[in-house]
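Derivation of every value follows stated rules applied to the coordinates shown; laboratory data play no part. This one's a predicted model, so the numbers in the text were calculated from it and none came from an experiment. Quick reminder, even Gly has a Cβ in these numbers, built from the backbone with ideal geometry, and neighbours come from all protein chains shown.
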């Protein structure tokens, strides 16, 4: 079996599909690490703890994700729900780091 990761439409077996999904998951985790590094910077930069949660910014981030999902033909509600969870996890992470300053 080859170690080549195929594009989704090129997969002919479940092993190929699973290899692709596993690679995408690794890539997503790496991107999340980059995203959370920005949360660490925000925790360092924000002057007070009450500035960590920004509901207007949260709504904008989710709206942007929903719009991008629509452009790519993805299920908008599912993406919005994922991003809501992602933003809440990011806020929790940032609060934890802020409290450790």
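Numbers below:
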| item | result |
| --- | --- |
| Over region 28-69, volume per residue of the alpha carbon convex hull, in Å³ | 72 |
| Burial order of peptide ranges 48-54, 81-87 (average beta-carbon count within 10 Å, highest first) | 81-87, 48-54 |
| Percent RCO, i.e. relative contact order, over the chain, from Cα pairs under 8 Å lying at least 6 residues apart | 29 |
| Cα centroid separation, region 1-50 to region 62-98 (Å) | 14 |
| The chain - Rg and Dmax from Cα coordinates, angstrom | 17.4, 54 |
